[in-house]
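Chemist: Here it is, the structure in full.
Bear in mind that the values in this text are calculations on the coordinates, not laboratory data. All of these numbers come straight from a predicted model, not from anything done at the bench. Virtual Cβ from ideal backbone geometry, glycine too; neighbours counted across all protein chains shown.
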Amino acid sequence: MTLISLGFFLCISLASAVDFKASSPAVTQLRQNMKQRHSQLIPFYDSGAVGLTRDGLIVLRDSNTVPLSGRQSVNILVTAENQDRNALYREIALANNHPEWESDIRSTFAQRWIKWARPGWWYQQENGSWQKK
Amino acid sequence: MTNRNSNLVLLVAAGFVVTACVTINIYFPAAAAEKVADKIIDEVWQADDEAGGREQPREKSGNDTRNNKIDNKPDEVRP
């Protein structure tokens, strides 16, 4: 009986110790990069040129709203942001010692980016179609 | 004989407990991950709010002092 009690106690201790980490030097660096880049992306989210995808990335969905001269810089911004987002999901999974969680982390972020998006921004629905918030 | 049986029961019970612990550890902690995602999104999109924009994520722990600062802003800077 003592053994079972000890077992349950251990189990409860382990369960409460299961937390979700998001701190590693790589994650901190990525957060910093994305924070700095965000102010440059806002006008494109506002105009609908750039939208939030269902897989936690961003995409240039309507290049017609961007002047020809600015398209290259938007593309560079979007590519850099997606590289950082992909790395962020991977690094958080690694910080938790569960690389296999990467896709779960990605889908969690995908939902939360959309949830906190400003009204007027475009996002991709589960079925792939685009919706204005 | 009875003693041997009770030992067996104990062993099986201990086995269940250990299995339960392992199971708990391999499941993706969705709720905790959401909280972490909200915190990161809040930080990354903070520049947005400083520019006079988006509503902040609210579902966060009370020790985040940035919310206090934001809440003290005059209302007219927010849409």
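Chemist: Mind checking A:86-95 for the average number of partner chain beta-carbons within 10 Å of each residue's beta-carbon?
Modeler: 1
Chemist: Right, another one. Which one, A:Trp121, A:Gly56, A:Pro25, projects farthest toward the positive side of the charge dipole computed for chain A from Cβ point charges (K/R +1, D/E -1)?
Modeler: A:Trp121
Chemist: Counting other beta carbons within 10 Å of each residue's own, what order do A:Val74, B:Val9, A:Val59, A:Val50 fall into, fewest first?
Modeler: Details: A:Val74 20, B:Val9 10, A:Val59 17, A:Val50 25.
By the 10 Å Cβ count, ascending, the order reads B:Val9, A:Val59, A:Val74, A:Val50.
Chemist: Something else: Given all pairs of different Cα atoms, what value in angstroms does the Kirkwood hydrodynamic radius of the range A:42-133 take?
Modeler: Values: mean 1/r = 0.0726 Å⁻¹.
By the Kirkwood definition, the hydrodynamic radius is 13.8 Å.
Chemist: Shielding by partners for A:41-53, please: the mean number of other protein chain Cβ atoms within 10 Å of each residue's Cβ. Don't skip to the answer; put the middle values down first.
Modeler: Working: counts 3, 6, 0, 0, 4, 1, 0, 0, 0, 0, 0, 0, 0.
Mean inter-chain Cβ contacts per residue within 10 Å come to 1.
Chemist: Simple spin-label model, 7 Å along Cα-to-Cβ: A:Thr79 to A:Ser103 in nm?
Modeler: 2.8 nm
Chemist: Test of understanding: ordering A:Leu77, B:Leu10 by Cβ neighbours within 10 Å, fewest first, what list do you get? List each step's numbers first, then the result.
Modeler: Values: A:Leu77 19, B:Leu10 15.
Least to most surrounded, the residues fall as B:Leu10, A:Leu77.
Chemist: Per the helix-only calculation at 222 nm, which mean residue ellipticity applies to chain A, given -39500 (n - 2.57) for every DSSP H run of n ≥ 4 and division by its residues, nearest 500 deg cm²/dmol?
Modeler: On the way: 4 runs with 81 residues, N = 133.
It lands at -21000 deg cm²/dmol.
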